[in-house]
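One structure is given here, and the rest of the page talks about it.
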């Protein structure tokens, strides 16, 4: 399983994708939506996990489980 974080790089203005615990960026995109899609693809290729989306303030504002990861919530995701 692999968890990924999506956050905005203030210097470049791009949205970075970083594997949890990783030292380097796994990729970047011009839009948050594009970066989120890439992060979900990366996570899925690594056995699933969580993709955590950070707002401009750096705080996690959303989190999605990528299969075959285990979603701790039993509620259905209505955003994605």
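Going by C-beta contacts inside 10 Å, put 54, 5 in order with the fewest on the left.
54, 5
When each of 28, 43 is scored by the number of other beta-carbon atoms lying within 10 Å, the sequence from fewest to most is 28, 43.
Mean residue ellipticity at 222 nm, helices only, the chain: -5500 deg cm²/dmol; runs of at least 4 DSSP H residues each add -39,500 (n - 2.57), and the sum is divided by the number of residues. Taking the longest Cα principal axis of the chain as reference, the axis of helix 32-45 is set at about 50 degrees. Residues 17, 60, ranked from the fewest to the most other C-beta atoms within 10 Å, line up as 60, 17. Counting 0.36 nm for each residue step from residue 57 to residue 10 and taking away their Cα separation leaves a gain of 15.9 nm. Using a/c under 1.5 as the rounded threshold, could you call segment 4-66 rounded, prolate or oblate? The axes a ≥ b ≥ c are square roots of the C-alpha gyration tensor eigenvalues, and prolate needs a/b larger than b/c, oblate otherwise. Here segment 4-66 falls in the prolate category.
Quick note: the coordinates plus some simple rules give every number you see, no bench work behind them. All of these numbers come straight from a predicted model, not from anything done at the bench. Cβ coordinates were reconstructed from backbone atoms using ideal geometry, including for glycine residues, and neighbour counts include every protein chain displayed.
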